[in-house]
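> Mind looking over this structure? Questions follow.
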Amino acid sequence: MWEKIVEIWLSGGWVMIPLAILAMLIYSLGISLLCYLRKGNMKLGRESDWIVWIQDPSKAKGRAGDIIRYTQDGVAASGQVTNRFSEVRLDLLDGIDRRIIFLNTLVASAPLMGLLGTVIGMLGTFAAISLGGGTDTVELVSGGISEALITTQTGLFIALPGVFLILRIRQRKNAIEAALARIESLSLTSLKLD
């Protein structure tokens, strides 16, 4: 079985090497970013806890507690709270946005890399056709078509799961943004500042 997989992989030509590297980059970056958003430092707790923590920041725990303490420490006006929440958003989410953009670029390049393999395979096919008839020509034509199809398929095979990975990462990032907005709203209404 492994011999057949290696044979198919090798029939895709040299473009399969950058495709493999691209796949490793996409999935390692995407999975590490998703893990960071799910298990890393981004757990913000529940809304019922936030209300208690806003009332008494000394009880606050975890990342949400740090945010609540930072946004309330020494503030006298609601504008200061809003500014501090803007700082928190920038600190937490700006790096994530940059990584999402980079990941989008990598995912978008996978089908293009497959298309490059398609073009190279078709050039090989046309070169073989120009040689004329014979057994060698048939093998060269079939090899070129095989290379063209395998690289296209591999590029799409890499990109499609990458798109769903990005959607999941964005969904988690949006949930964090919504939680921050809710904590800010609760803080502004509970603190009753000017």
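The values are calculated or read from the model by the stated rules, or taken from the named source; none is laboratory data. Computed from a predicted structure; not experimentally measured. Please note: Cβ atoms are built from the backbone with ideal geometry, for glycine as well, and neighbour counts cover all protein chains shown.
> Restricting attention to the stretch 132-165, which residues are over 29 Å from Val6 (Cα atoms) and part of a helix (DSSP H, G or I)?
Across the stretch 132-165, there are no qualifying residues.
> Can you tell me which residue in the stretch 3-14 is nearest to Ile96 (Cα to Cα), limited to those that are at pLDDT below 80 and in a helix (DSSP H, G or I)?
So, considering only residues that are at pLDDT below 80 and in a helix (DSSP H, G or I), the one nearest to Ile96 (Cα to Cα) is Trp9.
> Taking the stretch 28-44 on its own, how many of its residues are buried (at least 16 other Cβ atoms within 10 Å of the Cβ) and modelled with pLDDT of 75 or more?
Residues meeting the conditions: 6.
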